[in-house]
Amino acid sequence: MSGLTPYGRRNFCCRSSLLDQAWGTHVNAQELATNIFSTSIVPYSAFLYWLTKSKKTPPLALFGFYFLLVFVFATIPAGVIALKVYHKSLANVDFLHGSAESMLTVTNLFIVLGLRQGVRQAEQANQQKAQDTNPAESQRPADTAQQQ
C-alpha cells in the first residue's frame, strides 16, 4: 500500500513540461516561478533576434530591450545574496531589491525614449514625404497666412 494515496488511488507523478505543476495538487509557487523565469529567456532571445534582424527598431529602444538582460543577470546574484546573507527573499531585502528594480527603471527609460525618438523620426519622414509629393499644398498655409 505504499504507492496508494489516503483515498486508495495510486499516486502517479509525471511531468511532461515545466508548466504542468500549475495544474497539480502540490504547487510550489517558488519552484513554479523559478521554472517560468528560467524558461522565459528562450522566447525573449528569439524576440531580440527578430527585433535586431528587422532593422526597424530605433537604436535606443533596441539597446533598452537588450539592457533588460542586464537587469535579469543582476537580479540573480542579488537574489542569491539576499538568500545566503540575509536568509530572506530578494523582495524582503530593500536595498538589494531597490537596486535591482532601478535597473528595470533604466531599461524602461531607454525603451520609452527610443520609441519616442522613432515616432518623431517617422513623423518627420511622413511630413517630408508629403511635402515632396505635393509642394503646392505645403506652401498653401503660408499663402493663407499672408492673405489674412
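Condition check: modelled with pLDDT of 85 or more and touching a Leu at 6+ places or on another chain (Cβ under 6 Å). Does residue 75 satisfy that?
Working: modelled with pLDDT of 85 or more: yes; touching a Leu at 6+ places or on another chain (Cβ under 6 Å): no.
Judged against the criteria, residue 75 is not a match.
In region 87-96, what count of residues is obtained for those that are part of a helix (DSSP H, G or I) and within 19 Å of residue 33 (Cβ to Cβ)?
As a first pass, look at region 87-96 and keep what is part of a helix (DSSP H, G or I): 90-92, 94-96.
Next cut, within 19 Å of residue 33 (Cβ to Cβ) only: 90-92, 96.
So the count comes out to 4.
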### Task
Check residue 82 against each of (1) open to solvent by less than 40 Å² (accessible area, probe 1.4 Å); (2) touching a residue at least 24 places away in the same chain (Cβ under 8 Å) and name the one condition it does not meet.
(2)
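Residues 113, 90, 62: which one is open to solvent by less than 60 Å² (accessible area, probe 1.4 Å), at pLDDT 95 or above and among the hydrophobic types (A, V, I, L, M, F, W, C)?
Numbers: 113 fails: open to solvent by less than 60 Å² (accessible area, probe 1.4 Å); 90 fails: at pLDDT 95 or above.
Step by step, each of 113, 90, 62 is checked, and only 62 is open to solvent by less than 60 Å² (accessible area, probe 1.4 Å), at pLDDT 95 or above and among the hydrophobic types (A, V, I, L, M, F, W, C).
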### Message
Return the residues of region 66-86 that are closer than 17 Å to residue 38 by Cα, more than 12 Å from the chain's Cα centre (by Cα) and among the aliphatic types (A, V, I, L, M); say none if nothing qualifies.
### Response
74, 76, 78, 80
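The values are calculated or read from the model by the stated rules, or taken from the named source; none is laboratory data. Keep in mind the model is a prediction, meaning the values are calculated, not measured. Reconstructed Cβ throughout: ideal geometry from the backbone, glycine too, with neighbour counts over all protein chains shown. Heavy atoms of the whole protein, side chains included, go into the accessibility calculation; ligands, DNA and RNA do not. Shrake-Rupley method; radii C 1.70, N 1.55, O 1.52, S 1.80 Å.
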